[in-house]
Amino acid sequence: MNRYPLWKYLVLIVAVVVGVLYALPNLYGEDPAVQVSATRAQDNPQDVQRRVLAFLDEAGIPYTGYEIEEERVLVRLENEDDQLRAADLLRDDLGSGYTVALNLAPATPDWLRSLKAEPMYLGLDLRGGVHFLMQVDLDASVAQTLQRFQSDFRTQLRRERIRYSGVEVEDNRVIARFRNAPEREQALQLLRASYRNDLNFSQEERDGQFWLIGEVPEERIQEIRLAALQQNITTLRNRVNELGVAEPVIQRQGSDRIVVQLPGVQDTARAKDIIGATATLEFRMVHSDNAGYGGREDSPVPADALRYIYRDGGYVLLEREVMLTGDYISNASSGIDSETGGPQVNIRLTSDGGSLFNRATRENVGRPMAVVFIETRTETREVDGETVRERVQTEEVINIATIREPLHSQFRITGLDSTTEARDLALLLRAGSLSAPIDIIEERTVGPSLGQENINQGFMAVVIGFLLVVAFMAFYYKVFGLIANMALFLNLVFIVAVLSMLQATLTLPGIAGIVLTVGMAVDANVLIFQRIREELHAGLRPQEAIHAGYAKALSTIADANITTLLAALVLFLFGTGPVQGFAVTLSIGIVTSMFTAIMGTRAVVNLIYGRRRRLSALPI
């Protein structure tokens, strides 16, 4: 009557083994580490690693290990003092071509890492770090779109030689004025074909003039606002990647705000510097005197030329006139050149930009053109004991290619060194500048000591709650209580294992969810054990009482846990940040507690009592 088939025991054994394996990495802690990444994709990570290790050896800073992770060099150090000293010295030695970031690297053994077993991430309130709440000016993005429509209207009308009195922006409308109806009709046919999906056109007559009105529909305005918000999120995510943060949180809050949380980052000023950086491109013709240019910093420069650093080495002379700027780039993606098999970046320009670029390249077929990469960032430095923030602009030529034919709105940049560089360049072009202005309206810094205090207090809360429940169950239900305690401990292991497998971020509210789960996890066993006692008092034999207790309590247990699970789901869907963390741990705890309390304890009870045919009493 109370015997499990072999397959159920095998399922339990596999679940316990997997749970223990994936919970283990959280016991090993973290090593203070320094993370170094090259800002130039052609720099080999192995060469960077050799240079970093040689410098640390020369400086006498001991390290415990090193590795290359996603083309970043990670060096593990013995303590935080060595970590800070190594980071400061490496920044001075390597210069601006490299990003040096502090990191806490998991000290998980290699055999566990080979199984993809990694510790769960700790949130801002447990690890310390920086929290920003940013307000996005989405009205500015709509205004920029209208101004682009206005500029495109003028360009297309001039190109088709359609005379107009003026083009203005008013509210969410672009208004073109004409002297007579035939010109307006001609403009309507032209513009409607270009902006069929973007504008609703109408006609009016005012003050003796003929108006053509292109109005942006409300759904299109919402799309522009949403796209600007998502573009800013992408931009910020690419910016904070340079900080080496293990698990940054960059997410939308409400309709026009973005939350940025950087666990492990204590330098608020540096975080602001990274977030504020932007990138764009300029296209310039190579100067005719460049062929004879020595390429040295002290070589003379003609009056009509500018000297730029060439990424492949040395310097190059370019013409002063800019053919096109990155402001006209509407999209960029990386790919593979079908002819050479090398990496390339596919560029798409706005219609206005395509017209400008076509005219400029048509006049320079057969000549070399350079692509200038411009990055602007705010850097913080000490001057006379005071912190000074200044914006620094870096300009370098990343590619020179000969114009074979006039280029239009779509073209490609080839000659890149690696697919990584092509992908990074495409990302910078897509998300190099913010689509809408942002203002930091809230800023908080959580210190590492406070984070560690939160961890200690949270751990103590879990331990105290666990011990109180264990003591009560052992005292009140005796042997069956001990079985429930074993399931409760296994439930904690499963919660930690699932969080680690999902690479979820544990926050302080998440710990609260675990504490609550500890109390709720034995509810199922209390219902079962109480039902067994009632069946015994009703005169059933022990084996029958065990079977009836588990069978009859199941529906009550399911009802109670499903309603709690629904509440947790609502919290996750409508909550933000910490509330979602609480909902996640609570949901995981509910599911694992049902598994351990029903299937786990039943398996142990069956092993102990299931084969006893002459069982006269139960220690419950």
**Request:** Set the Förster radius R0 to 51 Å, insert the Cβ-Cβ distance between SER338 and ASN79 as r into 1/(1 + (r/R0)^6), and round the FRET efficiency to 0.05.
**Result:** 0.45
**Asked** What are the residues whose amide H is under 5 Å from the amide H of ASP31, where those residues sit 5 or more places off or on another chain and H is modelled from the backbone?
**Response** ALA105, ALA107
**Message:** How much of the DSSP bridge set in the chain is antiparallel, in percent, rounded to the nearest 5?
**Reply:** 95 percent
**Fill in**
Heads up, the chain by the C-alpha gyration tensor (a ≥ b ≥ c square roots of eigenvalues; a/c under 1.5 rounded, else a/b over b/c prolate, else oblate) looks prolate
**Request:** Go through TYR328, THR350, GLY214 and say which Cα lies farthest out towards the positive end of the charge dipole of the chain; charges sit on Cβ, +1 for Lys and Arg, -1 for Asp and Glu.
**Result:** GLY214
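Over the chain, how many pairs of lysines fall under 28 Å by alpha carbon, counting only those 8 or more apart in sequence or from different chains?
Going through the chain pair by pair, I get 4.
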**Request:** On a 0 to 90° scale, report how tilted helix 6-23 is relative to the longest principal axis of the chain, with both axes built from alpha carbons and the result rounded to the nearest 10.
**Result:** 50 degrees
**Degrees separating the helix 542-574 axis from the principal Cα axis of the chain, which is the longest one** = 20 degrees
**Message:** Skipping prolines and chain starts, which residues have an amide H placed within reach, meaning under 5 Å, of the one on ARG367, given they are 5 or more residues away or on another chain?
**Reply:** ILE403
**Asked** Can you give the calculated 222 nm mean residue ellipticity of the chain, where each DSSP H run of n ≥ 4 adds -39,500 (n - 2.57) and the sum is split over every residue, rounded to the nearest 500 deg cm²/dmol?
**Response** -15500 deg cm²/dmol
**Message:** If each residue of separation counts as 0.36 nm, what is the full-extension length gain between LEU21 and ARG614 once their alpha-carbon separation is subtracted?
**Reply:** 209.5 nm
**Item:** Residues in the stretch 481-525 reached by a label modelled at ASP559 [backbone nitrogen below 15 Å; 7 Å Cα→Cβ]
**Value:** 524
**Prompt:** With labels modelled as points extended 7 Å from the Cα through the Cβ direction, what inter-label distance (nm, one decimal) is found for ASP384 paired with TYR28?
**Reply:** 5.1 nm
**Message:** Which order do the peptides 136-147, 596-607, 157-168, 535-546 come out in when sorted by mean C-beta neighbours inside 10 angstrom, highest first?
**Reply:** 596-607, 136-147, 535-546, 157-168
**Asked** What size of dipole, in debye to the nearest 20, comes out for the stretch 30-107 about its Cα centre when the only charges are +1 on Lys and Arg C-beta atoms and -1 on Asp and Glu C-beta atoms?
**Response** 260 debye
**Dipole of the chain, positive end: most advanced residue of GLY254, ILE588, PRO45 [Cβ charges, Cα centre]** = ILE588
**Request:** Quote the charge dipole size of the stretch 139-220 about the Cα centre in Debye, to the nearest 20; the model charges only the Cβ of Lys and Arg (+1) and of Asp and Glu (-1).
**Result:** 540 debye
**Prompt:** What is the helix-to-structure angle for 138-159, meaning the angle in degrees between its Cα long axis and the longest Cα principal axis of the chain, kept from 0 to 90 and rounded to the nearest 10?
**Reply:** 30 degrees
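Here, each number is a calculation from the coordinates, and none is a lab measurement. All values reported here derive from a predicted model rather than from experimental measurement. All Cβ positions, glycine included, derive from the backbone under ideal geometry; neighbour counts span all protein chains shown.
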